[in-house]
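Notes follow the structure.
The values are calculated or read from the model by the stated rules, or taken from the named source; none is laboratory data. Worth saying up front: this structure is predicted, and the values here are computed from it rather than measured. Glycine gets a Cβ as well: all are built from the backbone with ideal geometry, and neighbour counts include every protein chain shown.
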Amino acid sequence: MTEHASTMDISRREFATRDGLTLVGDVGGPIDAPTIMLLHGGGQTRHSWSGAMRRMIGEGYHVINFDARGHGDSSWSEEGDYSLAARGADLQAAIGDRRPVALVGASMGGMTSFYAVGVGQAPQATALVLVDIVLRPAPAGVDKIQRFMQAHAGGFASVDDALAAVIAYNPQRKAQRDASGIMKNLRLHDDGRLYWHWDPRMLAARPSAEPPTWTEELLAVSGRVSIPTLLVRGGKSDIVDDEGVAELVQLVPQTQIYCVPEAGHMVAGDSNDTFSDGVLDFLRRIRFGAQ
């Protein structure tokens, strides 16, 4: 399958949650192929996986890439329910009866995937990929994300202002200097200002979804995560430190580690080719889809 054909085959899809929300996603690849579920991080949208999704479809996988509740084109919860249990149930709704399934989740999406496996919400999952997230994120990195997400509650006057804020947060990421892509993460409000494309009530939830602070819930289910697991770690990440990696490997001993040296916390966006290489190699080595 060529990349051009893969891209043309991607279609928009909606999934209904158990509490009446609508999740919006992109779906592509052969319907009868093994499925990769892509779960983005908090404050992002499904578009953060665009490059990885095309690559995975090109490798012959069926790929589902959806906006989490409260993000992008998906519904916001009227009750402000952005709990880990609700997100795990959303994942279950998006998976449906597909099998086998590999879960690839970044930050919030990684914790959601880990929890869903641990509590049995994703029994079809035979592989788990955690993208720059461990059960106990580094406090300094958590504080940095929290400050960034809370700093712009009043929105932005222009796309350039939003871009400047992102560059200030992560000046090393050259791809962020193009304003065209950032509009996918913004929404135009009636007051004429641009706001991040996620529900601000998400930050008020405790434990919070982003930065994800579901450590105790994840520790409680870690003994039930027994499927092949890969941690993709950004070499310049301030969220994953050596202590967090050691704890994850101790609790989930089948975990393999793959480091992307030039990447920060946003691994796929910082170095998509290297990221995709590592994930696809892991799936080949564990013979995902051949079980």
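Quick rundown of the values:
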| quantity | calculated |
| --- | --- |
| Residue in segment 195-215 that is without any contact (Cβ under 8 Å) to a residue 12 or more places away in the chain and not hydroxyl-bearing (S, T, Y) present | yes |
| Count of residues meeting criterion [over 16 Å from D97 (Cβ atoms) and either outside any loop (DSSP other than H, G, I, E, B) or hydroxyl-bearing (S, T, Y) (or both)] in segment 18-35 | 6 |
| Selected residue (only one of G58, G41, G72 is surrounded by fewer than 24 Cβ atoms within 10 Å (Cβ to Cβ), in contact with a Ser or Thr (Cβ under 6 Å, 6 or more places away or on another chain) and over 23 Å from G289 (Cβ atoms)) | G72 |
| Single match in V142, V159, V131, V166 (criterion: β-branched (V, I, T) and under 17 Å from V252 (Cα atoms)) | V131 |
| Number of positions in segment 274-291 that are in contact (Cβ under 8 Å) with a residue 24 or more places away in the chain and among the β-branched types (V, I, T) | 2 |
| Test: residue in segment 82-91 that is part of a helix (DSSP H, G or I), charged (D, E, K, R), at pLDDT 95 or above and within 14 Å of the chain's Cα centre (by Cα) | yes |
| Check on E262, surrounded by fewer than 20 Cβ atoms within 10 Å (Cβ to Cβ), out of contact with any helix residue (DSSP H, G or I) (no Cβ under 9 Å at 6 or more places or on another chain), of a type outside the set (K, R) and without any contact (Cβ under 8 Å) to a residue 60 or more places away in the chain | no |
| Residue list for segment 219-257, restricted to those being surrounded by fewer than 22 Cβ atoms within 10 Å (Cβ to Cβ), in contact (Cβ under 8 Å) with a residue 40 or more places away in the chain and within 10 Å of V134 (Cα to Cα) | D241, E243, G244, V245, E247 |
| Residues within segment 75-104 that are surrounded by 24 or more Cβ atoms within 10 Å (Cβ to Cβ) and polar (S, T, N, Q), tallied | 0 |
| Of all residues in segment 17-38 being without any contact (Cβ under 8 Å) to a residue 40 or more places away in the chain and aliphatic (A, V, I, L, M), the one that is surrounded by the most Cβ atoms within 10 Å (Cβ to Cβ) | V27 |
| When residues of segment 192-218 are limited to those that are more than 30 Å from G154 (Cβ to Cβ) and surrounded by 18 or more Cβ atoms within 10 Å (Cβ to Cβ), the one nearest to the chain's Cα centre (by Cα) | L218 |
| Filter result for L194 (at pLDDT 90 or above, of a type outside the set (K, R) and more than 21 Å from G105 (Cβ to Cβ)) | yes |
| S271 being crowded, with 17+ Cβ neighbours inside 10 Å and free of Cβ contacts under 8 Å to residues at least 12 places away in the same chain | yes |
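Yes or no, residue by residue, for (1) part of a loop (DSSP other than H, G, I, E, B); (2) out of contact with any Gly (no Cβ under 9 Å at 6 or more places or on another chain):
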position: Y195; (1), (2): no, no
position: P207; (1), (2): yes, yes
position: A220; (1), (2): no, no
position: G223; (1), (2): no, no
position: S237; (1), (2): yes, no
position: V249; (1), (2): no, yes
